[in-house]
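Just so it is clear, none of the values below were taken in a lab; they were calculated from the coordinates. Quick caveat: nothing in here was measured; it's all calculated off a predicted structure. Cβ sites come from the backbone with ideal geometry, for glycine too, and all protein chains shown count toward neighbours.
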Amino acid sequence: MRPPEVMDTRRLKLRKLVQGDAPTVFDRWAQDPRVTRYLVWSPHTSIEEAEEHARKCVASWEAGTSFAWMMEDRKTGEAVGSIGAYPSGHTVELGYLVAPDSWGQGYMVEAIEAVSDWFLTQPTIFRIWAEVDVENRPSARVLEKASFEKEGTFRCGIMCPNLSSKPRDSFIFGRTEEAT
């Protein structure tokens, strides 16, 4: 299963992340503690970390194990965020982030819907899901707007190194092929 390298939404162009995106990733969000607050990785401290991240994304796409897209505003061409899909069996986990100057504009709802819609049309995929820290209300709201249902609380389910050295509770959100 190979998703499209480019997907268009009403306002966004989602395109396969490439090695040359590392400077943008670093400058726009990877070094920003506001963006990485609830993520499972710490802010990057050097462009080399962003370059390594891009290398891993490109290699994973080629291997077919995960897929990362840059999200670009179709009018301006500016990178506004990133979304990744991680297939496993009959499910796909999503991970995503948005640059702070693009928060609250609905970009992520569009991106999640586009990626989820594509995967749920595949004959072997029946569920898309995401995990969010219980304190990350904006991310939970994004998933609800993208037709995901909160399925429950995962006790000590997520490591957010920017908040704690111990696992934190998280919400699990899911969308199934019946919801499409």
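With a cut-off of at most 16 other beta carbons within 10 Å, and DSSP calling the residue loop, which chymotrypsin sites (Phe, Trp or Tyr not before Pro) in region 23-126 qualify? Please list them.
Here the chymotrypsin sites (Phe, Trp or Tyr not before Pro) that fit, given the DSSP loop and packing criteria, are 41, 103, 126.
Any lysines with Cα under 23 Å of the residue 13 Cα? List them, leaving off those in the same chain fewer than 8 positions away.
Qualifying lysines at Cα under 23 Å: 56, 75, 145.
Through the Karplus equation 6.51 cos²θ - 1.76 cosθ + 1.60, θ set to phi - 60°, convert the phi angles of region 3-12 into ³J(HN,Hα) values in whole Hz; use x for Gly and Pro.
For region 3-12, the Karplus-derived couplings read x, x, 6, 9, 10, 10, 10, 4, 10, 10 Hz, x marking Gly and Pro.
Rg (Å, one decimal) plus Dmax (Å, integer) for the alpha carbons of region 114-167?
For region 114-167, the Cα-based Rg and Dmax read 13.5, 40 Å.
Could you derive backbone 3J(HN,Hα) for region 147-162 from the dihedral phi with the Karplus parameters 6.51, -1.76 and 1.60 (θ = phi - 60°), listing whole Hz in sequence and x where the residue is Gly or Pro?
So the Karplus estimates, Gly and Pro as x, are 6, 8, 10, 6, 9, x, 10, 9, 5, 6, x, 9, 9, 10, x, 7 Hz.
So if I place +1 on the C-beta of Lys and Arg and -1 on the C-beta of Asp and Glu, and nothing else carries charge, what would the dipole magnitude of the chain be about its Cα centre? I want it in debye, nearest 20.
Dipole about the Cα centre, nearest 20: 220 debye.
Give me, ordered by chain and number, the residues 5 or more places off residue 93 or on other chains with an amide H under 5 Å from its own placed amide H.
86, 88, 129
Give me the aspartates and glutamates in straight-line cross-link reach of residue 166: C-alpha distance below 14 Å, same-chain residues under 8 apart excluded.
Once the sequence-local aspartates and glutamates are set aside, what remains near residue 166 is 133.
Please grab the % of Cα pairs in the chain that end up more than 29 Å from each other.
15 percent
Put +1 on the Cβ of every Lys and Arg and -1 on every Asp and Glu Cβ in region 36-163; which of 147, 107, 64 then has its Cα farthest towards the positive end of the dipole?
After comparing all options, I get 147.
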